[in-house]
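Reviewing the structure listed below.
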Amino acid sequence: AVTTVGRPATDTHAEHGVAVAALPGRRPARRRTELGLIVLAVILTGGLYALAGAGRAGSLPANIGPFLGVIFVLLLIGHVAMRFLAPEADPILLPVAGLLNGIGYVFIARLSSAEASAQALWSTIGMAAFVVTLLVVRRARDLARYRYTWGALGLILLLLPLVPHLGENINGARLWIHVGSHEFQPGELAKLALAIFFAAALVERAEQLSRGTRRVGRMLVIDPKHLAPVVGAWGLSLLIFLAENDLGSSFLFFALFIGMLWVATNRAIYLGLGAGLFAGGAAFALTAIGHAKTRIQSWLHPFAHPTTTGYQILQSLFAIANGGVFGTGPGQSNAAIIPEASSDMIFAVVAEEIGLVGAAALLVAYLLMVGTGLRIAIRCENAFEKLLATGLALIIGVQTFVIVGGVTNLIPLTGITLPFVSYGGSSLISNYILLALLLRISDTAARQGLPTAPSRRRGSGSEVRLAEAGA
């Protein structure tokens with residue numbers, strides 16, 4: 001970080017390739033930007049909620065005032081926490097996440113008032129988890145000290161649905177556990193634990209996995225024993241596929257590992273190796289799992305079974321087609337006939353009611369989140385934080401691709417949720433924790449950004465010095 005004598009300045013400003021010291025008043029600039037974007041997100045969400053209510057009942061919703069107040073208060077709590085706990089973090093991520101959360105709530109309320117009430121509660125708990133994560137995790141690199149604990153925790157969470165009398169099979173996939181009257185998807189938290197473990201483990205093994213150490217003739221190749229992590233991740237994804245009957249979660253975890261491995265080693269060969277291993281494992285699993293065969297058949301030939309296995313995907317495609325470019329209008333569709341409309345298929349509801357324009361805007365918001373996460377990773381000096389930020393951005397990107405690809409019939413449909421938008425408490429809480437970790441890394445990277453050229457002096461008598469990288 002760049003600091004000035006007598007006044008801390010934990011941000012940098014690049015002008016013509018020269019890093020300069022932060023000006024007085026520069027420090028809260030990011031948070032002011034964040035607050036302005038939060039106000040804009042609340043206005044957009046409120047406008048959509050008003051249109052949906054008018055389209056459905058012909059009048060403005062009676063609770064639009066309290067609705068906007070709750071949305072604003074929740075985001076304001078996150079904003080205040082950022083001011084005190086991560087003042088130099090990126091100002092884009094929290095408002096975009098709040099906008100996605102608000103849009104999701106509008107469409108969930110449009111489909112089910114009971115689910116809307118539950119989603120409001122989960123949003124509150126998610127924001128509390130966001131604040132607690134920022135409060136507890138003061139330096140993301142400290143998480144690497146407990147790498148094996150995170151790895152074990154991730155495995156336990158993944159395998160919990162297989163425990164008799166605890167796991168529950170829903171829609172053919174065994175991804176849920178039930179505690180009393182509540183259901184929870186432990187895989188949502190497992191992805192965060194495994195991302196931390198993968199980042200810490202790959203930092204240790206990056207050198208071994210990126211350079212040949214065994215000679216075969218005149219060539220140096222990677223020692224097969226160093227490929228054990230790749231084979232292990234492949235075996236884990238195959239286990240998820242075989243035991244829990246879910247291709248989406250299996251692909252998410254394996255893609256997360258392979259993507260982080262590629263970034264850690266800069267060897268594109270791992271992308272090809274990963275694609276080959278996953279394709280081979282999926283082909284084997286498809287011959288052994290009846291539920292997977294059904295999903296593939298409904299993907300390839302949905303019109304062959306329009307009232308049974310192909311019904312859900314056909315209703316999704318009809319809804320998207322009915323929306324056209326500008327949509328039927330918020331509240332002006334028959335979205336309730338789509339099975340699992342508020343969770344798995346909510347993107348189809350969005351595409352029908354606000355059209356191609358609205359659906360594209362939603363995808364741009366996800367691209368903005370992923371791009372911001374990767375930009376944070378690029379700016380990190382610490383290898384573990386760089387890999388972890390990459391992994392967290394990959395989780396959002398891959399998860400969005402899998403569910404949107406399934407809803408549009410690009411790939412087989414899976415039960416993965418659309419981050420921040422779909423109905424579901426476990427998904428919402430884990431995504432807010434992910435967001436807090438990414439913002440913590442962003443704050444650390446901004447504080448430790450080193451200028452690449454002599455700093456330009458601003459104001460009389462100001463001296464500029466470099467803070468230590470670990471400060």
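The values are calculated or read from the model by the stated rules, or taken from the named source; none is laboratory data. This is a predicted model, so every value here is computed, not measured. Here Cβ is always computed from backbone atoms with ideal geometry, including for glycine, and neighbour counts include all displayed protein chains. The protein model used for the area step is the full one, side chains on, heavy atoms only, and it has no ligands, DNA or RNA in it. Shrake-Rupley method; radii C 1.70, N 1.55, O 1.52, S 1.80 Å.
Condition check ((1) farther than 23 Å from residue 442 by Cα; (2) at pLDDT below 95; (3) within 17 Å of the chain's Cα centre (by Cα); (4) surrounded by 19 or more Cβ atoms within 10 Å (Cβ to Cβ)) across all residues:
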| site | (1), (2), (3), (4) |
| --- | --- |
| 101 | no, no, yes, yes |
| 109 | yes, yes, no, yes |
| 127 | no, no, yes, yes |
| 132 | no, no, no, no |
| 136 | no, no, no, no |
| 152 | yes, yes, no, no |
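Please find, among 131, 137, the residue that is closer than 30 Å to residue 63 by Cα and in contact (Cβ under 8 Å) with a residue 40 or more places away in the chain.
On the way: 137 fails: closer than 30 Å to residue 63 by Cα.
Answer to the selection: 131.
Residue under question is residue 434, and the condition is that it be within 29 Å of residue 183 (Cβ to Cβ), in a helix (DSSP H, G or I) and in contact with a Gly (Cβ under 7 Å, 6 or more places away or on another chain); does it hold? Step through it out loud before you land on a result.
Working: within 29 Å of residue 183 (Cβ to Cβ): yes; in a helix (DSSP H, G or I): yes; in contact with a Gly (Cβ under 7 Å, 6 or more places away or on another chain): no.
No: the conditions fail for residue 434.
May I ask you to verify whether residue 320 is closer than 25 Å to residue 185 by Cα, in a helix (DSSP H, G or I) and in contact (Cβ under 8 Å) with a residue 12 or more places away in the chain? Reasoning before the result, please.
Numbers: closer than 25 Å to residue 185 by Cα: no; in a helix (DSSP H, G or I): yes; in contact (Cβ under 8 Å) with a residue 12 or more places away in the chain: yes.
So residue 320 does not fit the description; no.
Please identify the pairs in which a residue from the stretch 399-415 that is within 15 Å of residue 360 (Cβ to Cβ) has its Cβ atom under 9 Å from the Cβ atom of a residue that is among the acidic types (Asp, Glu), counting only partners at least 6 apart or on another chain.
407/344
Specify the residue that is modelled with the highest pLDDT; the eligible residues are those in the stretch 417-465 that are more than 20 Å from residue 185 (Cα to Cα), of a type in the set (Val, Ile, Thr) and open to solvent by less than 40 Å² (accessible area, probe 1.4 Å).
441
Can you tell me which residue among 97, 118, 114 is touching a residue at least 60 places away in the same chain (Cβ under 8 Å), more than 21 Å from residue 373 (Cα to Cα) and part of a helix (DSSP H, G or I)?
Working: 97 fails: more than 21 Å from residue 373 (Cα to Cα); 114 fails: touching a residue at least 60 places away in the same chain (Cβ under 8 Å).
None of the others qualify; the one that does is 118.
Would the stretch 69-77 turn up any residue that is exposed (fewer than 14 other Cβ atoms within 10 Å of the Cβ), at pLDDT 90 or above and either acidic (Asp, Glu) or under 20 Å from residue 445 (Cβ atoms) (or both)?
The answer is no; no qualifying residue exists.
In the stretch 402-414, how many residues are in contact with a helix residue (DSSP H, G or I) (Cβ under 6 Å, 6 or more places away or on another chain) and assigned to a loop (DSSP other than H, G, I, E, B)? Full working, then the answer.
Going through the stretch 402-414, the residues in contact with a helix residue (DSSP H, G or I) (Cβ under 6 Å, 6 or more places away or on another chain) turn out to be 402, 404, 407, 409, 411-414.
Narrowing further to those that are assigned to a loop (DSSP other than H, G, I, E, B): 409, 411-414.
Here the count works out to 5.
Of all residues in the stretch 293-347, which are of a type in the set (A, V, I, L, M), open to solvent by 70 Å² or more (accessible area, probe 1.4 Å) and at pLDDT 90 or above? Working first, answer last.
Restricting attention to the stretch 293-347, the residues satisfying the condition of being of a type in the set (A, V, I, L, M) are 296, 300, 304, 313-314, 317, 319-321, 325, 335-338, 341, 345-346.
The next check asks that each one be open to solvent by 70 Å² or more (accessible area, probe 1.4 Å); those that pass are 300, 321, 325, 336-337.
Of everything in the stretch 293-347, those that are of a type in the set (A, V, I, L, M), open to solvent by 70 Å² or more (accessible area, probe 1.4 Å) and at pLDDT 90 or above turn out to be 321, 325.
Output the residues belonging to the stretch 193-205 that are out of contact with any Lys or Arg (no Cβ under 7 Å at 6 or more places or on another chain), under 22 Å from residue 416 (Cβ atoms) and open to solvent by 10 Å² or more (accessible area, probe 1.4 Å).
If the condition is that a residue be out of contact with any Lys or Arg (no Cβ under 7 Å at 6 or more places or on another chain), under 22 Å from residue 416 (Cβ atoms) and open to solvent by 10 Å² or more (accessible area, probe 1.4 Å), then 198 is the only one that fits.
What residue, of 378, 403, is open to solvent by less than 10 Å² (accessible area, probe 1.4 Å) and closer than 24 Å to residue 434 by Cα?
Working: 378 fails: open to solvent by less than 10 Å² (accessible area, probe 1.4 Å).
The conditions single out 403.
Confirm whether residue 331 is outside any helix (DSSP H, G or I) and in contact with a helix residue (DSSP H, G or I) (Cβ under 8 Å, 6 or more places away or on another chain).
Values: outside any helix (DSSP H, G or I): yes; in contact with a helix residue (DSSP H, G or I) (Cβ under 8 Å, 6 or more places away or on another chain): yes.
For residue 331, the condition - outside any helix (DSSP H, G or I) and in contact with a helix residue (DSSP H, G or I) (Cβ under 8 Å, 6 or more places away or on another chain) - is met.
Could we say that residue 110 is over 30 Å from residue 57 (Cβ atoms) and not polar (S, T, N, Q) here?
Details: over 30 Å from residue 57 (Cβ atoms): no; not polar (S, T, N, Q): yes.
No.
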